[in-house]
Amino acid sequence: MRITAVTCVKNEGPFLLEWIAYNRLLGVTDFLFYSNDCSDGTDALLDALAKRGGVVHLPNPAEGRNYQMEALKDAAKRRVVKRADWVWVADVDEFLNIHVQGHTIPALIKACGNPQAISVTFQFFANCGVDGFEDRPVIEQFTRSHNPDLWCDQSAIEVKTLVRGDFPLQYFGAHRPFFRKDLPQEAMPDWRDGSGRRVPPKFLTAANPRRIRKFPAHGARRFATLNHYALRSLDSYLVKNDRGDVNRENRAFDDAYWRERNDAAWEDLSIRRYLPALRAWMSKLLSDPEIRALHEDCVARHLAKRDALMAQPAYAAMHAHLGNLPTIPPAEAALMEELEMQP
């Protein structure tokens, strides 16, 4: 089975090898990376990996600010995507955590009955009080999240989607594929959630603009969860804030983004089942002297950027501010304040 992972990156160098190694464990055979405006060595590391096979690295084709959607439009035409049995569109801070026996994408597909699409629900992992960047697996360091069925005050939570090659595709979205609105009823794709259940009808047809990329999370994670490490360490969050976003140019990550994703109410260690095999895969990648040198250069540049930012009063203040925020989401804090004000 050929499985192609497609992703967009900007200054993700220190995290690339873990993400590639992890997805190899899941059964991903090919990678298509689009990069833009990298200053931390991400592009050089991807170029070196591409020379060794299994990785395609291209400059992001976007001429405006819509980096991700332009890349996905281009990806649909690429051989590495067109020849794939399945396509997985995800970001480097997202890890598909498969719970069924075997813990691989083929095992998940089988458990779901080999549908044409599988949408897996996000679980946002908190910062866990980690201030300093460490060059070790993200999936090992961050172990707490929101209640899996409730994020902030929302029971409908975003998804990412595995897409089978014969899906009646009009275009790839960042969270889910889309098909023509005039598609006949008999041609509608077989589309499942992370428990193998059929997705809600309005999600299937994109009939509800407010739910176009999410559906209720309750009961949707029996077979798989999408662990999203959007914050990582406070050091890395500062660097992320400085770089902007691969999805939209000049988008800042304010403290609302941090607070909504730093809910540490729930401990989930299940993804650690992958750690022994992940370390072995990473060691294999790092046994190549050039790859190791390029990875270490990315780490050094990441830390240098952290130091440069902390030398600026605004970023030092941001660091202190975020570190002192409560680890409950804004909606919960507002409710608590309202209850305290009642007689």
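The values are calculated or read from the model by the stated rules, or taken from the named source; none is laboratory data. No experiment lies behind these values; they were computed from the predicted model shown. We place every Cβ from the backbone using ideal geometry, glycine too, and count neighbours over all the protein chains shown.
Considering region 292-311 alone, what residues qualify as being within 22 Å of K10 (Cα to Cα) and out of contact with any Phe, Trp or Tyr (no Cβ under 9 Å at 6 or more places or on another chain)? Walk me through it before giving the result.
In the first step, residues of region 292-311 are kept if they are within 22 Å of K10 (Cα to Cα); the result is 292-310.
Answer for region 292-311, where residues must be within 22 Å of K10 (Cα to Cα) and out of contact with any Phe, Trp or Tyr (no Cβ under 9 Å at 6 or more places or on another chain): R292, A293, L294, H295, E296, D297, A300, R301, A304, K305, D307, M310.
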- Message: Go through region 274-294 and report how many residues are hydrophobic (A, V, I, L, M, F, W, C) and closer than 25 Å to Q101 by Cβ.
- Response: 6
- Item | Subset of region 201-226 (residues that are assigned to a loop (DSSP other than H, G, I, E, B), buried (at least 18 other Cβ atoms within 10 Å of the Cβ) and either among the small types (G, A, S) or modelled with pLDDT under 95 (or both)) | A217, A220
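Could you identify the single residue in F124, F33, F95, F133 that is touching a Lys or Arg at 6+ places or on another chain (Cβ under 7 Å) and part of a strand (DSSP E or B)? Lay out the reasoning, then the answer.
Details: F33 fails: touching a Lys or Arg at 6+ places or on another chain (Cβ under 7 Å); F95 fails: touching a Lys or Arg at 6+ places or on another chain (Cβ under 7 Å); F133 fails: part of a strand (DSSP E or B).
None of the other options fit; the residue is F124.
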- Message: Can you tell me which residue is farthest from the chain's Cα centre (by Cα) among those in region 303-329 that are hydrophobic (A, V, I, L, M, F, W, C) and closer than 27 Å to A265 by Cβ?
- Response: A320
- Note on the structure: Looking across region 135-191 at residues that are in contact (Cβ under 8 Å) with a residue 60 or more places away in the chain and of a type in the set (K, R), the single one that is farthest from G27 (Cα to Cα) is R144
- Query: A174 versus (1) under 22 Å from K214 (Cα atoms); (2) more than 17 Å from the chain's Cα centre (by Cα); (3) assigned to a loop (DSSP other than H, G, I, E, B): which is the lone unmet condition?
  - Reply: (2)
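Can we say V100 is over 23 Å from G173 (Cβ atoms) and without any contact (Cβ under 8 Å) to a residue 60 or more places away in the chain? Break it down into steps so the answer makes sense when it comes.
Details: over 23 Å from G173 (Cβ atoms): yes; without any contact (Cβ under 8 Å) to a residue 60 or more places away in the chain: no.
In short, no.
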- Looking across region 236-246 at residues that are within 24 Å of P329 (Cα to Cα) and of a type outside the set (G, A, S), the single one that is modelled with the lowest pLDDT is D245
- Query: Out of (1) of a type in the set (D, E, K, R); (2) within 26 Å of A300 (Cβ to Cβ); (3) in contact with a strand residue (DSSP E or B) (Cβ under 7 Å, 6 or more places away or on another chain), what's the single condition that is false for K73?
  - Reply: (2)
- Inside region 254-302, can you point out the residues that are in a helix (DSSP H, G or I), polar (S, T, N, Q) and more than 21 Å from the chain's Cα centre (by Cα)? S283
- Query: If L46 satisfies every condition in (1) under 20 Å from the mean Cα position of the chain (by Cα); (2) in contact (Cβ under 8 Å) with a residue 40 or more places away in the chain but one, which is the exception?
  - Reply: (2)
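If we scan region 192-200, do we find a residue that is surrounded by fewer than 16 Cβ atoms within 10 Å (Cβ to Cβ), modelled with pLDDT of 95 or more and over 21 Å from V28 (Cα atoms)? Don't jump to the end; show me each part of the working.
From region 192-200, those surrounded by fewer than 16 Cβ atoms within 10 Å (Cβ to Cβ) are 197-198; that's our starting set.
After this cut, where a residue has to be modelled with pLDDT of 95 or more as well, the list is 197-198.
Remaining after also requiring over 21 Å from V28 (Cα atoms): 197-198.
Yes - at least one qualifying residue is present in region 192-200.
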